[in-house]
């Protein structure tokens, strides 16, 4: 079997353009991967086009060789284009053997994984708005939810802004009750001192974690915050190389990390990073803010990972047309997703439907612009 082409299909999801990577073969099997980035659609598409000649003609089942060749060719940089191609090759291998990817990785050790809801807070930034939306989430059966209550704050907040943020956390806790996990996202935005102040008042709301309170590749800053707040601090989404995770885990300031499979180079690197976490008695909660295909891919990793804490999922809060573009993805039921059993990832892309949702220049979250949390184009232009 040989790779004959590598193609990209961009789907204009309103708050993040999705980039799908299709690896075609001379056997008629096409593998599907993803290379979605936050603010990097066109550059990533161009990068895939630029490197595809390095894999055309190779056997897609030789996944580690392909990954290593791309890594060396990119001067030792882990990139989304490497991840997208690698993911598609695993899909090809699974389809060629008629088994799910998790079988190729050693076989599943769980039938389902608990998920937390994200992307649900698309209404007004008020106590009532957040409370109403949180109730919708728990009514769907979720037992955990994540949100960013900090608006367009950057580095520091005024006392008024801090009170507003705290009021949103309080409203959600009052609505969901004491048994639902609340996960607070800070999107790398604060100074060390501001993060410490926030981390201390978060304790009264019994949050499960405080995610990326400072720029999360600054290990020293992360450690400083984690040591001085009474709530769990997690990070990992911005880290790429194995040594970055090893250095952070070696500080022993957290017992959960959240690697992004696209950011670390794909499926197998994610499995390796989970092993690093286990060596430090820590768990993983893989970052997953892309399409339902990415959810299906991440579930394959969860299936074979003994130290999974929980899984991020946006899928219940996407546009209604998504199920026309992506077919076969597994839905959340009672706060969990069953591990898929179809060959490969079990998800197919309808290219005709995808063409109806083209790239949009406004399909981005402008994190420090007022109203970003509404996730509509009016607040992202």
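So the values come out like this:
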| item | result |
| --- | --- |
| Efficiency of FRET between residue 62 and residue 152 - r from beta-carbon atoms, R0 30 angstrom, step 0.05 | 0.05 |
| Base-10 log of normalised Debye intensity for segment 89-140 (one unit scatterer per alpha-carbon) at q = 0.20, 0.25 Å⁻¹ | -0.71, -0.92 |
| Value of relative contact order over segment 265-354, rounded to a whole percent, pairs C-alpha under 8 Å and six or more apart | 28 percent |
| Share antiparallel - DSSP beta bridges, the chain, percent rounded to 5 | 55 percent |
| Whole-number percent relative contact order across the chain, with pairs defined as alpha carbons under 8 Å at least 6 apart | 22 percent |
| Cα-based Rg of segment 264-381 normalised by 2.2 N^0.38 Å, two decimals | 1.21 |
| Fewest-first sequence of 219, 212 by Cβ atoms within 10 Å of each Cβ | 219, 212 |
| Distance histogram in 10 Å bins (all Cα pairs of segment 3-99, percent per bin) | 17, 51, 27, 5 |
| Virtual spin-label span in nm between residue 334 and residue 72, 7 Å along Cα→Cβ | 5.1 nm |
| Sequence of 8, 217 once ranked by neighbouring C-beta atoms within 10 Å, starting from the fewest | 217, 8 |
| Solution diffusion estimate, µm²/s, Stokes-Einstein, segment 312-369, Kirkwood Rh from C-alpha pairs, 20 °C, viscosity 1.002 mPa s | 156 µm²/s |
| Cα centroid of segment 217-295 to Cα centroid of segment 50-94, whole Å | 23 Å |
| Where labels lie 7 Å past Cα in the beta-carbon direction, separation of residue 159 and residue 252 in nm | 4.0 nm |
| Mean Cα-pair separation over length for segment 34-137, i.e. relative contact order, pairs under 8 Å, 6 or more apart, % | 22 percent |
| Segment 30-77: proportion of alpha-carbon pairs further apart than 11 angstrom, % | 74 percent |
| The chain, helix-only ellipticity at 222 nm - DSSP H runs n ≥ 4, -39,500 (n - 2.57), divided by all residues, nearest 500 | -11000 deg cm²/dmol |
| Between 0 and 90°, nearest 10: helix 127-139 axis offset from the chain longest Cα axis | 50 degrees |
| Debye-sum result for segment 207-283 in log10 I(q)/I(0), which assumes one identical scatterer on each alpha carbon, at q = 0.12, 0.15, 0.20 Å⁻¹ | -0.28, -0.44, -0.78 |
| Exposure proxy ranking, count of Cβ atoms within 10 Å, fewest first, for 23, 330 | 330, 23 |
| Taking N as its residue count, the alpha carbon Rg of segment 237-328 over 2.2 N^0.38 Å | 1.13 |
| Distance in nm between pseudo-label sites at residue 53 and residue 201 (7 Å out along the Cβ direction from Cα) | 5.7 nm |
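Taken together, the values in this text are just the output of simple stated rules run on the coordinates, not laboratory data. Not measured: the values here are computed from a predicted model. Neighbour counts run over all protein chains shown; Cβ positions are idealised from the backbone, glycine included.
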